[in-house]
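As structure tokens, the structure follows; a few thoughts come after it.
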Amino acid sequence: MSYRFETGERVDDAARRIADEQIQGALATLDDLDHLGIVESVHDVRKRCKKLRGLARLVRPSLGGGFSRLNVHFRDLSRGLSAIRDAHAVLETFDHLVEANRHHAPGGFPSVRAELERRSEEVSASLSAGDERLDVARRQLRAGRLIAGSWDLGDDLDAIAAGVGATYARSRRALKRSATSPDDDALHDWRKRVKYLWYEVRLLEMAAPSVLTPMGDGLKALSDALGDDHDLAVLSAWLHAGGEGFATASERSELDLVLAHQRADLLRRSRRLGARLLAEDTQAFTARFGSYLATWRAVGDELPCGKITSLPSS
């Protein structure tokens, strides 16, 4: 099935099913490393961990104290693999940065790219199917499956709406903090909140796809922009910690300008989109979301509308 609640599915059944699908998918990825390759496999496992944490946030009002246990479990699992992800993600972001700013930096900073590529290859070379970090991840996934399989959440749609509303509220607060204190930590926190909200909207999209699909698309775009900004922040930190072996003084100065320009542009775009996606008062948003869920449960799936000629035959 898919990463979403299905029509007529009880809350507890849906949550346990989705958690099990994500964990089994992650285990299957780690058991077939030749299919995706180790680096892509690690990326897939980390994405699934984030999806699981998004699911846990959605059902948090029903989980009670069990939320922290599961959230910390999958957070630690993902962190154990983060160094593998960073080296490859920063190289990819650097290439996108140079391509987007080729008129401002026609030289392309070859020595910087060479160092980033060396780091990426070093990480890849250090990995193997028997890597201890992958064995730890497998054990943590199996333990997490037992935790999620024991969930007893009932079927309270109001609690689900409250879960979405709480994440929405945190996203709004993080947006405000990033505006008053736009440091890397504040921006990274905003990105995390937006990503969790996107996951929750994805999970419940079928309740009102005409409204929630565009919202989900907007949250995905916002999360991507803030994710690129985070990777640029990591690149900047590496650049200044790497000394002359990473870049010459002139390259560092020139790249600093390109980084500052690109990050300012990403932040400007993110704030304008975020201000629209998060414009509604939290109480009103939560009530509206709850109405979508109640309507979905009462009358079933949304159906396409339009002129007779544009409707699917039935």
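Using 0.36 nm per residue and subtracting the Cα-Cα separation, the extra length available between ARG269 and GLU99 on full extension is 59.3 nm. Seen from every direction in turn and averaged, the convex hull around the alpha carbons of the range 158-314 projects onto 12.7 nm².
Let's test the formula: R0 of 25 Å, r as the Cβ-Cβ distance of LYS220 and ALA284. What FRET efficiency results, to the nearest 0.05? Intermediate values should be presented prior to the final figure.
Working: r = 23 Å, r/R0 = 0.92.
Once the sixth-power term is evaluated, E becomes 0.60.
Size descriptors for the range 21-94: radius of gyration and Dmax over Cα atoms are 13.7, 42 Å. Modelled this way, with points 7 Å down the Cα-to-C-beta line, the labels at ASP32 and ARG138 are 1.6 nm from one another. The radius of gyration of the Cα set in the range 52-125, together with its Dmax, comes out at 18.9, 55 angstrom.
Working value for the range 193-285: equivalent-ellipsoid semi-axes of 37, 13, 9 Å, each the square root of 5 times a Cα gyration tensor eigenvalue, largest first.
Provide the packing ranking of 166-178, 64-76, i.e. peptides ordered by the mean count of other C-beta atoms within 10 Å per residue, highest first. Could you put the intermediate results ahead of the total?
On the way: 166-178: 19.8, 64-76: 15.0.
Output ranking for 166-178, 64-76: 166-178, 64-76.
In plain terms, the chain from ARG75 to ALA237 could stretch by 56.0 nm, reckoned as 0.36 nm per residue minus the Cα-Cα distance. Hey, if you drop one equal point scatterer on each alpha-carbon of the range 242-314 and run the Debye formula without solvent, what base-10 log of I(q)/I(0) do you get at q = 0.13, 0.21 Å⁻¹? The Cα Debye sum returns log10 ratios of -0.72, -0.98. Helix-only arithmetic for the chain: the sum of -39500 (n - 2.57) across DSSP H runs with n ≥ 4, divided by the residue total, places the mean residue ellipticity at 222 nm at -26000 deg cm²/dmol. Rounded to two decimals, the Cα-based Rg/Rh of the range 100-206, with Kirkwood Rh, is 1.13. Extents of the range 102-162, taken as max minus min of Cα coordinates on every principal axis and listed largest first, are 60, 37, 10 Å.
Lysine pair count for the chain (Cα-Cα distance under 21 Å; residues 8 or more apart in sequence or on different chains): 14. Our estimate of slack between ALA294 and ASP12, defined as 0.36 nm per intervening residue step minus the Cα-Cα distance, is 99.9 nm. Grouping the Cα pair distances of the chain into 10 Å bins from zero gives a pair-distance distribution of 6, 23, 29, 25, 13, 4, 0 percent in increasing distance order.
Do you know the relative contact order of the chain, to the nearest whole percent, from alpha carbon pairs under 8 angstrom that are 6+ apart? If you can, show how the numbers build up before the last one.
Numbers: 312 pairs, mean separation 79.3, N = 314.
Contact order relative to length: 25 percent.
Within the accessible surface of the chain, defined with a 1.4 Å probe on protein heavy atoms only, the carbon and sulfur portion equals 52 percent. Against the main long axis of the alpha-carbon atoms of the chain, helix 249-277 sits at an angle near 10°.
Given the range 36-183, what whole percent of its Cα pairs are spread farther than 23 Å? I get 56 percent for the Cα pairs in the range 36-183 exceeding 23 Å.
The values are calculated or read from the model by the stated rules, or taken from the named source; none is laboratory data. Quantities reported herein were computed from a predicted structural model and do not represent experimental measurements. Note that each Cβ is placed from the backbone with ideal geometry, even for glycine, and that neighbours are counted across all protein chains shown. Note: accessible area is taken over every heavy atom of the protein model, side chains too, but ligands, DNA and RNA are not part of it. Shrake-Rupley method; radii C 1.70, N 1.55, O 1.52, S 1.80 Å.
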